[in-house]
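Visitor: This is the structure I want to talk about, given as structure tokens.
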């Protein structure tokens with residue numbers, strides 16, 4: 001038993017000696033990841049972002065052309081309708097009564113024309129007879145074959161017959177005018193009946209309804225709104241300081257917060273000349289819209305005004321988060337390759353100009369193709385080793 005203790009002690013000492021002979025593992029210092037941007041031609045533009053709303057290409061507030069009581073409503077909100085489809089009707093009873101009365105007036109006027117024309121034919125016959133008698137009496141009087149009294153009677157009869165004939169002509173014209181007026185009133189009455197039927201002016205979706213059955217509505221009061229489907233447009237307000245740079249047919253990028261997976265290309269079709277509030281309205285057609293876009297969705301529109309300097313050089317802009325500042329002025333960290341996967345952060349002075357939604361204008365200090373730290377400048381120092389981190 002006593003010999004076992006020295007042996008155990010010897011084994012323990014041997015193990016300690018073996019462990020003490022090994023070197024401690026080397027710990028590599030961690031290299032900070034840095035978000036970065038690449039200075040390129042695509043960064044040399046002036047991007048401006050403004051919010052807008054999507055709108056249907058065609059949208060109409062529908063109303064009846066006559067007043068009345070809703071007899072029937074045939075659609076509901078969200079219904080898709082075709083062009084010419086019946087949407088609602090008014091009670092046509094009063095308008096049908098007016099139409100029937102107008103038809104009776106037309107028949108009466110046509111009867112008056114027939115009476116006046118019959119009277120005209122009689123007056124015409126009397127006039128022709130009196131005219132013939134007058135001419136014959138005139139010839140006889142010139143040859144002293146009849147007395148002056150007989151000639152005067154023939155003349156008076158002729159003049160009276162002519163007056164009756166002229167009056168009959170006038171009555172016919174008046175009767176025809178009355179008939180035309182009655183027909184116009186009848187056509188108007190027929191139109192009134194047709195106006196009690198509200199139809200879709202184009203194919204689309206019913207987006208709003210303001211009426212219910214048995215409700216009285218006034219002429220011209222909006223009762224429902226129809227919006228076209230597909231090929232939507234966007235309306236955005238642009239401030240006065242940049243509206244002069246907006247041009248028709250220029251392209252823009254449109255994004256919807258509710259559709260984050262897609263960017264839409266748009267073309268400017270209308271540029272407002274007068275302001276609406278504090279901005280000028282600009283209308284944009286989407287060239288690749290889809291069924292997910294509905295009227296009223298908020299959107300961000302990016303305008304690239306491609307600002308130019310006096311010599312025609314593009315203005316370079318980088319995000320504001322990439323520019324730092326101290327007592328010596330503004331600077332950025334240019335990331336230069338040191339070895340595979342490792343870069344050195346070089347503090348580089350830059351001259352900045354105007355600031356916009358796209359960032360600072362860089363007047364000097366950078367060139368295309370350089371890598372620049374895009375964020376976290378407070379954690380960097382000149383000459384620090386970093387690795388590139390792309391935030392996807």
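Visitor: Only residues that are surrounded by fewer than 16 Cβ atoms within 10 Å (Cβ to Cβ) and closer than 21 Å to residue 168 by Cβ: list them for region 132-148, please.
Guide: Scanning region 132-148 gives a single hit, 132.
Visitor: Right, something else. Mind listing whichever residues of region 60-78 are under 30 Å from residue 256 (Cα atoms) and surrounded by fewer than 16 Cβ atoms within 10 Å (Cβ to Cβ)?
Guide: Scanning region 60-78 gives 61, 76, 77, 78.
Visitor: Here are 161, 189, 167, 154: which of them is under 60 Å from the mean Cα position of the chain (by Cα) and assigned by TED's automatic domain parsing to the domain that holds residue 101?
Guide: Step by step, each of 161, 189, 167, 154 is checked, and only 189 is under 60 Å from the mean Cα position of the chain (by Cα) and assigned by TED's automatic domain parsing to the domain that holds residue 101.
Visitor: Which of the residues that make up region 254-273 are closer than 19 Å to residue 55 by Cβ and within 17 Å of the chain's Cα centre (by Cα)?
Guide: 254, 255, 256, 264, 265, 266, 267, 268, 269, 270, 271, 272 - these are the residues of region 254-273 that are closer than 19 Å to residue 55 by Cβ and within 17 Å of the chain's Cα centre (by Cα).
Visitor: Name the residues in region 357-385 that are farther than 10 Å from residue 318 by Cα and not in a loop (DSSP other than H, G, I, E, B), would you?
Guide: Residues satisfying the conditions are 363, 364, 371, 373, 377, 378, 379, 384, 385.
Visitor: Which one is farthest from residue 34 (Cα to Cα), of the residues in region 332-355 that are under 47 Å from the mean Cα position of the chain (by Cα), touching a residue at least 24 places away in the same chain (Cβ under 8 Å) and assigned to a strand (DSSP E or B)?
Guide: Filtering region 332-355 for residues that are under 47 Å from the mean Cα position of the chain (by Cα), touching a residue at least 24 places away in the same chain (Cβ under 8 Å) and assigned to a strand (DSSP E or B), the one farthest from residue 34 (Cα to Cα) comes out as 353.
Visitor: Please pick out the residue among 113, 97 that is under 59 Å from the mean Cα position of the chain (by Cα), within 30 Å of residue 223 (Cβ to Cβ) and in a helix (DSSP H, G or I). Reasoning before the result, please.
Guide: Values: 113 fails: within 30 Å of residue 223 (Cβ to Cβ).
Just one listed residue meets the conditions, 97.
The values are calculated or read from the model by the stated rules, or taken from the named source; none is laboratory data. Owing to the predicted nature of the structure, the values given are computational and were not obtained by experimental measurement. With ideal geometry, Cβ positions are generated from the backbone for all residues, glycine too; neighbour counts draw on all protein chains shown.
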